[in-house]
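What follows is a short report on a single structure.
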């Protein structure tokens, strides 16, 4: 694999934006900045309302012309709406795009927004001159495999970028394929973005049946950022078996009918293992003056420090002074 070395003079910063909306919706937009300039950009899932797409807004503000990496964890509407806009404006043949295995085979069971995106991807795959590079993943895979390896060098110290998937479980997907069923959350991708010793884990909507079948060696002593799975639902609480401590954990909200997530009981458990716990909305759904919330974590890799900025409806559930160790 070819290596791309980026030299760092003064600063190496990661910026992770965990984005949610008032009722539902989840996106994670991350940047790696060298000396104030964005050198790498990635998006995990997308959501927009009829008049608001925060991913598009942030990409414009940061003058990003093309995304380097996209992961569509699973084709539920609250992780999919608005992706068409992003694909049309910020994707080219150099963008690495990952989706779950088998998901395109059951697109008729997905939301209208997800089906529109599947149609766009299928049209591209049928074309002789492909506009996008689309790959599927399950289990443990290197999601930078088809691109250049990226290394940031400051003096004599190297900081390598790694993006790896840990789910979905292909055995689960194979059984569902044979039985002609499709459980969208079971195909959800969980991936880790690592830069040097800093590990950020993004979990999509994985639930306990998938988590329980993770190998024992999928274990993180210290996570820097953890996106709490499935909007803080108790159906994903087995993730606690796979990490010891976290600097920042964050949940998005999902409020639909009688479902009101995140669960305070689950967030209370994250308080015990996290220095800071946040949510993209207020826990009780009151005093929300915006249609969205963003939890922005800016991490100084060279100085081993970070800060958190809350935008819109985003709120902290628990906050203590912390730094990367």
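The values are calculated or read from the model by the stated rules, or taken from the named source; none is laboratory data. Here the structure is a predicted model, which means the values were calculated and not measured. Cβ coordinates were reconstructed from backbone atoms using ideal geometry, including for glycine residues, and neighbour counts include every protein chain displayed.
Output yes when any residue across region 92-112 is within 21 Å of residue 19 (Cβ to Cβ), assigned to a helix (DSSP H, G or I) and touching a helix residue (DSSP H, G or I) at 6+ places or on another chain (Cβ under 8 Å), and no when none is.
no
Kindly list the number of the only condition in (1) over 21 Å from the mean Cα position of the chain (by Cα); (2) part of a strand (DSSP E or B); (3) without any contact (Cβ under 8 Å) to a residue 12 or more places away in the chain that fails for residue 307.
Unmet condition: (1).
Is there a residue being assigned to a strand (DSSP E or B), farther than 21 Å from residue 193 by Cα and at pLDDT below 95 anywhere in region 259-270?
For region 259-270, residues assigned to a strand (DSSP E or B), farther than 21 Å from residue 193 by Cα and at pLDDT below 95: present.
If you scan region 87-111, which residues turn out to be within 14 Å of residue 29 (Cβ to Cβ) and surrounded by fewer than 18 Cβ atoms within 10 Å (Cβ to Cβ)?
Once the filter is applied, which keeps residues that are within 14 Å of residue 29 (Cβ to Cβ) and surrounded by fewer than 18 Cβ atoms within 10 Å (Cβ to Cβ), region 87-111 yields only 89.
When residue 213 is evaluated against the numbered criteria (1) touching a helix residue (DSSP H, G or I) at 6+ places or on another chain (Cβ under 8 Å); (2) surrounded by fewer than 23 Cβ atoms within 10 Å (Cβ to Cβ); (3) modelled with pLDDT under 95, which criterion, by number, is the only one it fails?
Going through the list (1) touching a helix residue (DSSP H, G or I) at 6+ places or on another chain (Cβ under 8 Å); (2) surrounded by fewer than 23 Cβ atoms within 10 Å (Cβ to Cβ); (3) modelled with pLDDT under 95, residue 213 breaks only (3).
With the structure loaded, tell me whether residue 191 is under 17 Å from the mean Cα position of the chain (by Cα), at pLDDT 95 or above and either over 19 Å from residue 99 (Cα atoms) or surrounded by 15 or more Cβ atoms within 10 Å (Cβ to Cβ) (or both) or whether it fails that test.
For residue 191, the condition - under 17 Å from the mean Cα position of the chain (by Cα), at pLDDT 95 or above and either over 19 Å from residue 99 (Cα atoms) or surrounded by 15 or more Cβ atoms within 10 Å (Cβ to Cβ) (or both) - is met.
Counting only residues that are touching a strand residue (DSSP E or B) at 6+ places or on another chain (Cβ under 8 Å), outside any strand (DSSP E or B) and either surrounded by fewer than 16 Cβ atoms within 10 Å (Cβ to Cβ) or free of Cβ contacts under 8 Å to residues at least 40 places away in the same chain (or both), how many does region 139-166 have?
4
Please name all residue pairs, on different chains or six or more residues apart, with Cβ atoms under 6 Å, provided the first residue is in region 248-259 and is free of Cβ contacts under 8 Å to residues at least 12 places away in the same chain and on the phi < 0 side of the Ramachandran plot and the second residue is surrounded by fewer than 24 Cβ atoms within 10 Å (Cβ to Cβ) and in a strand (DSSP E or B).
Nothing qualifies.
Could you pull out every one of the strands (runs of 3 or more DSSP E) wholly within region 1-59 that has 1 or more residues that are free of Cβ contacts under 8 Å to residues at least 24 places away in the same chain?
Here the list reads 26-34, 37-44.
Does residue 301 fit the bill of being over 24 Å from residue 23 (Cβ atoms), at pLDDT 95 or above and either touching a helix residue (DSSP H, G or I) at 6+ places or on another chain (Cβ under 7 Å) or surrounded by 14 or more Cβ atoms within 10 Å (Cβ to Cβ) (or both)?
Criteria met by residue 301.
Going through region 220-242 one residue at a time, which ones are surrounded by fewer than 21 Cβ atoms within 10 Å (Cβ to Cβ), under 12 Å from residue 200 (Cα atoms) and in contact with a helix residue (DSSP H, G or I) (Cβ under 7 Å, 6 or more places away or on another chain)?
220
Assess whether residue 255 counts as being farther than 30 Å from residue 153 by Cα, in contact with a helix residue (DSSP H, G or I) (Cβ under 6 Å, 6 or more places away or on another chain) and surrounded by fewer than 22 Cβ atoms within 10 Å (Cβ to Cβ).
Against the criterion (farther than 30 Å from residue 153 by Cα, in contact with a helix residue (DSSP H, G or I) (Cβ under 6 Å, 6 or more places away or on another chain) and surrounded by fewer than 22 Cβ atoms within 10 Å (Cβ to Cβ)), residue 255 does not qualify.
Mind telling me which of the residues 63, 120, 84 ends up being over 21 Å from residue 20 (Cα atoms) and surrounded by 14 or more Cβ atoms within 10 Å (Cβ to Cβ)?
Residue meeting the stated conditions: 120.
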